[in-house]
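The values are calculated or read from the model by the stated rules, or taken from the named source; none is laboratory data. Everything numeric in this text was worked out from a predicted model, so none of it was measured. Neighbour counts are summed over all protein chains in view; Cβ atoms, including those assigned to glycine, are modelled from backbone coordinates with ideal geometry.
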Amino acid sequence: ASHSENYRPLYHFSPRKGWINDPNGLLYLDGTWHLFFQYYPHAPIHGPMYWGHATSCDLVCWQEQPVALCPQGSIYMFSGSAVVDYGNTSGFGDGTTPPLVAIYTAHDIAETDPNQVENQALAYSLDGGMTWAQYAGNPVLQSPGLPDFRDPKVSWDAECGRWLMVLAAGDRVHFYESADLINWRFLSEFGAECGAHGGVWECPDLFSLPVKNEFWEDGLDADDSEGCAPEKEKWVLLVSINPGGPNEGSATQYFVGDFDGTTFTLDESQPCASARWVDWGRDNYAGVLFNNVPGDRRVMIGWMSNWDYAAELPSAADGWLGQMTIPRELSLVVNSEGYVLKSYPVPELFARREQGSRLFRCGKVEVANEEVPMIPFGELDLKRGMIKVSLHGLGAGQSTITFRNPWGQELRLGVNNVEGSARAELFVDRSDAGSEVLPKNFPVPLMVAPLAGGMRNSMRMLLCLDKTSLECFANRGERCVTASVYPSAAFTEMGFSAESTGATFSLEAYALHVDNCE
Ligand code: FRU
């Protein structure tokens, strides 16, 4: 890779040129995963929005494709979704292949009434998503007089034989139904009184998931006890919010409840006054799920950035900005915390572990605050690292994993059993992790995710590292912290320390085989 590719991730999607933000129109079709996205091809800025396009056969390596949707005069192509219209309900088909239909927000900057700027419109493709035509009757759903009315997520409701739409309307979501994707009928709304409201609601998604029982014993990791049969099904509503995230800026919250075909009702066990977060890190926003995935897998991709600083990251100097998260599989468990939405990297990523690169290590903190001898990763390339870490015997205070590079830059993360309280939290600290040219508000604050169940004696974490990111999954995805990080060189070693003696760690690390992603 050339110097200008210093920040190019190895296994996360990033654009060759220009700017990206939200994933759009995520769709699986005939062996291909389609990732469309908010895109401005001409410069690394949020300009007149296009939908860019990339495809993958395995959710790991992505090939950029020609642009899918272009701005139409004053109308920008804002976020939305795409469906396979198997029944040709829209009439866009040619009688041989089912049309793909994109439902997007037509954001019209020439509109003088601020309450009519955002309307929903359609485009369709008859060649598997490579070229798209605009529907002549656009828009299909006009703003009911709201300044924010966008990001339609449409899916097929097989039970009722209709299309369902959820879209963001300022401080709430609206639900609509349609028989043909063209005529939409309002069903209900949700959220004005629930969840986080520190900013505008964006990019919602609604889907059902089977519930897995998860029993807890002190110190037992979640993935040892997930074998129970699904108890029932629940509905999950994702809502991104900007600002107002738990660690400032943009983030995605979720609600668990029931959807009776018309109305979404929050489950009694769920907090209404507070929010639950899909990811506590600063860099996972606007995530939604793929449509049309076989086997009912729930696969989500988010934009790995934050509106607080998305426009100022170092790769802008190289003419591109933005990357996506690892695709994650979502599951719903019920445990002592109630319903918890978990996310974990898709199995396709685990399949990329290079067996020959495997490294085992373990150690114990004998002296408080003294780092146990550093682990050099040697040949194992941490720019494409996947590491499982188990911590045991954790005492009061912080237990900290530190990644270091030859520049002395440090990325720290760990568990804090907060002294003098019964609280425990996961933390990620990138404030000393690099580079010279970061935006002012990038290093702070410390990213913190509270953990359930008081003091933690043990913790299992999966860490995925790329050149410019860390994705941390605690207890098999019960808590996630996604952080972009811009070290001047790859991390090459790891240390472990704790404020209490007796803490042990063991790790199993792999390099991911992603050479063919180039
Ligand atoms: C979320 C968002 C969406 C909007 C898009 C515009 O990041 O603000 O609400 O459709 O980005 O690019």
| said: Out of everything in region 403-431 that is more than 24 Å from the chain's Cα centre (by Cα) and under 17 Å from Gly495 (Cα atoms), what residue ends up being surrounded by the fewest Cβ atoms within 10 Å (Cβ to Cβ)? | reply: Gly408
| Condition check for Asp171: out of contact with any Ser or Thr (no Cβ under 6 Å at 6 or more places or on another chain), away from the ligand (no atom under 16 Å from the Cβ) and assigned to a loop (DSSP other than H, G, I, E, B) | no
| request: Would you tally the residues in region 257-308 being in contact with a Gly (Cβ under 7 Å, 6 or more places away or on another chain) and away from the ligand (no atom under 16 Å from the Cβ)? | output: 7
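Test Gly245 against the criterion of being within 16 Å of the ligand (Cβ to nearest atom), buried (at least 24 other Cβ atoms within 10 Å of the Cβ), assigned to a strand (DSSP E or B) and not β-branched (Val, Ile, Thr), and give yes or no. First the steps, then the outcome.
Values: within 16 Å of the ligand (Cβ to nearest atom): yes; buried (at least 24 other Cβ atoms within 10 Å of the Cβ): yes; assigned to a strand (DSSP E or B): no; not β-branched (Val, Ile, Thr): yes.
Spelling it out, it is not the case that Gly245 is within 16 Å of the ligand (Cβ to nearest atom), buried (at least 24 other Cβ atoms within 10 Å of the Cβ), assigned to a strand (DSSP E or B) and not β-branched (Val, Ile, Thr).
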| message | If Val334 meets every condition in (1) modelled with pLDDT of 95 or more; (2) part of a strand (DSSP E or B) apart from one, which number is that one? | response | (1)
| Only one residue in Ala136, Ala121 is farther than 20 Å from Trp33 by Cβ, surrounded by fewer than 21 Cβ atoms within 10 Å (Cβ to Cβ) and modelled with pLDDT of 95 or more. Which one? | Ala136
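Looking at Ser178, Ser143 in this structure, which one is hydroxyl-bearing (Ser, Thr, Tyr) and away from the ligand (no atom under 16 Å from the Cβ)?
On the way: Ser143 fails: away from the ligand (no atom under 16 Å from the Cβ).
None of the other options fit; the residue is Ser178.
Check region 324-336 and report whether any residue there is touching a residue at least 24 places away in the same chain (Cβ under 8 Å), of a type outside the set (Ser, Thr, Tyr) and within 16 Å of the ligand (Cβ to nearest atom).
Keep residues of region 324-336 that are touching a residue at least 24 places away in the same chain (Cβ under 8 Å), which gives 324-336.
Next, only the ones that are of a type outside the set (Ser, Thr, Tyr) stay: 324, 326-330, 332-335.
After this cut, where a residue has to be within 16 Å of the ligand (Cβ to nearest atom) as well, the list is 324.
Scanning region 324-336 turns up at least one residue that is touching a residue at least 24 places away in the same chain (Cβ under 8 Å), of a type outside the set (Ser, Thr, Tyr) and within 16 Å of the ligand (Cβ to nearest atom).
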| Before we move on, is Ala489 within 28 Å of Trp303 (Cα to Cα) and touching a strand residue (DSSP E or B) at 6+ places or on another chain (Cβ under 6 Å)? | no
| request: Give the residue that is surrounded by the fewest Cβ atoms within 10 Å (Cβ to Cβ), with candidates limited to residues of region 272-292 that are closer than 21 Å to Leu167 by Cβ and of a type in the set (A, V, I, L, M). | output: Ala275
| note | Residue count, region 30-65, condition closer than 26 Å to Glu312 by Cα and of a type in the set (Ser, Thr, Tyr), comes to 3
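Restricted to region 478-505, and to residues that are out of contact with any Ser or Thr (no Cβ under 8 Å at 6 or more places or on another chain) and not in a loop (DSSP other than H, G, I, E, B), which residue is surrounded by the most Cβ atoms within 10 Å (Cβ to Cβ)? Steps first, answer last, please.
Within region 478-505, the subset out of contact with any Ser or Thr (no Cβ under 8 Å at 6 or more places or on another chain) is 478-479, 481, 489-493, 501-502, 504.
Now drop any that are not not in a loop (DSSP other than H, G, I, E, B), which leaves 479, 481, 493, 504.
Working: Arg479: 24, Val481: 26, Glu493: 16, Thr504: 18.
Top of the filtered list is Val481.
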| request: Output yes when any residue across region 2-17 is buried (at least 22 other Cβ atoms within 10 Å of the Cβ) and assigned to a strand (DSSP E or B), and no when none is. | output: no
| request: Any residue in region 277-300 that's over 22 Å from Ala452 (Cβ atoms) and part of a loop (DSSP other than H, G, I, E, B): show its pairings with residues that are more than 16 Å from the ligand (Cβ to nearest atom) and among the aromatic types (Phe, Trp, Tyr) at Cβ separation under 6 Å, as long as the two are six or more apart or on different chains. | output: Phe290/Tyr28; Asn292/Tyr28; Val293/Tyr28
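To keep it simple, each residue is scored yes or no on (1) of a type in the set (Phe, Trp, Tyr); (2) at pLDDT 85 or above; (3) assigned to a loop (DSSP other than H, G, I, E, B); (4) within 16 Å of the ligand (Cβ to nearest atom).
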residue: Ala192; (1), (2), (3), (4): no, yes, yes, no
residue: Cys203; (1), (2), (3), (4): no, yes, no, yes
residue: Phe207; (1), (2), (3), (4): yes, yes, no, no
residue: Lys212; (1), (2), (3), (4): no, yes, no, no
residue: Glu217; (1), (2), (3), (4): no, no, yes, no
residue: Val239; (1), (2), (3), (4): no, yes, no, yes
residue: Gly249; (1), (2), (3), (4): no, yes, yes, yes
| field | Qualifying residue in region 451-472 (condition: among the hydrophobic types (A, V, I, L, M, F, W, C) and within 12 Å of Asn247 (Cα to Cα)) | value | no
| message | Looking at region 110-140 only, could you name the residues that are within 16 Å of the ligand (Cβ to nearest atom) and among the β-branched types (Val, Ile, Thr)? | response | Val117
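For the subset of region 157-168 comprising residues that are farther than 16 Å from Leu237 by Cα and not in a loop (DSSP other than H, G, I, E, B), which member is farthest from the ligand (Cβ to nearest atom)? Break it down stepwise before answering.
Narrowing region 157-168 to residues farther than 16 Å from Leu237 by Cα: 158-163.
So of that shortlist, the ones also not in a loop (DSSP other than H, G, I, E, B) come out as 162-163.
Values: Arg162: 24, Trp163: 20 Å.
The selected residue is Arg162.
Kindly establish whether Ile75 is more than 30 Å from Ser178 (Cα to Cα), of a type in the set (A, V, I, L, M) and within 15 Å of the ligand (Cβ to nearest atom).
No; evaluated as a whole, the condition is false for this residue.
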| task | Tell me, yes or no, whether region 96-109 has at least one residue that is part of a loop (DSSP other than H, G, I, E, B), aliphatic (A, V, I, L, M) and away from the ligand (no atom under 14 Å from the Cβ). | result | no
